[in-house]
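The values are calculated or read from the model by the stated rules, or taken from the named source; none is laboratory data. Small disclaimer: the values here were computed from a predicted structure and weren't measured. A quick note on method: Cβ atoms are made from the backbone with ideal geometry, for glycine too, and the neighbour counts reach across all protein chains shown. To get the accessible areas, we keep the full protein, side chains included, count just its heavy atoms, and leave off ligands, DNA and RNA. Shrake-Rupley method; radii C 1.70, N 1.55, O 1.52, S 1.80 Å.
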Amino acid sequence: MMIEIPEVLDAAGVARLRAVIDDAAWVDGNATSGHQSALAKRNTQLPEDSAAARQAGAMVLDALGRSPLFFAAALPLKIFPPLFNSYAGGEAFGIHVDNAVRIQRGSEFRLRSDLSATLFLEDPDAYDGGELVVEGQFGARPVKLPAGHMLLYPSSSLHRVAPVTRGRRVASFFWIQSMVRDTEARRTLFELDTAIQTIAQDRGQDDPAIIQLTGIYHNLLRRWADA
Ligand code: NI
């Protein structure tokens, strides 16, 4: 399931983040790839242990913490410290699947990647190409979102970044281990949650049927979650 999370950062938030990363030292993106993906990848990244990446990563995590939609969709247990990449001059990332387990260099932190996230940080009109193309049940879908918007997609999916033929594509990317490992179970919970919120707008959170449905949501989450 692909889910768009609009306005994780507003325009001012994007500008503040870009001010942190734009003048930092970018390096060859293959510093972070697994062997197979290194073969297909041409871009630059901020070193994951750089001060700029840490500061900007904290800004992304802070923004995610204020997004109920992100929480409902991802049901996050662990979030990998956000990384930052840039594509220009024909750079691209060929088709690949993300590594199943991500280990943060120089620390004990590790997670199983259930969901991959791309937070777009450049105005789409400022560059050509650079679509994130995710292969799903219904074919390949190219995604290019406004700056500050984020796409969540299953880490198990084949995906690629199309060549950037004009301008520069800047994004943050990271992985999430969900409390609910199974994609279909997570999707069911998200759809139930969304439906409950929609009905609650008409009937109020204290409507007896809403209280009962909310209880069902939490009891399903209790069955399926590792917390
Ligand atoms: Ni990837």
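One table, with the values for the structure above:
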read-out	value
Packing-based order for 73-81, 209-217, using average beta carbon neighbours within 10 Å, highest first	73-81, 209-217
Between 0 and 90°, nearest 10: helix 11-21 axis offset from the chain longest Cα axis	40
Trypsin sites (Lys or Arg not before Pro) restricted to region 87-139 and DSSP loop, no more than 15 other C-beta within 10 Å	105
Probe 1.4 Å, accessible area per residue of the chain, Å²	49
Lys/Arg +1, Asp/Glu -1 at C-beta; the chain dipole; positive extreme among 150, 45, 189	45
q = 0.21 Å⁻¹, region 183-224: log10 I(q)/I(0) [Debye, one scatterer per Cα]	-0.62
Cα centre as origin, Lys/Arg/Asp/Glu Cβ charges: the chain dipole, Debye	540
Student exercise, region 95-138 dipole from Lys, Arg, Asp, Glu Cβ charges, in Debye to nearest 20	520
Dipole magnitude of region 133-227, debye to nearest 20 (Cβ charges: Lys/Arg +1, Asp/Glu -1, about Cα centre)	720
For q = 0.13, 0.14, 0.17 Å⁻¹, Debye-computed log10 I/I(0) when each Cα of the chain counts as one equal scatterer	-0.78, -0.89, -1.26
Percent RCO, i.e. relative contact order, over region 3-178, from Cα pairs under 8 Å lying at least 6 residues apart	30
Within the accessible area of the chain (1.4 Å probe), percent carbon and sulfur	53
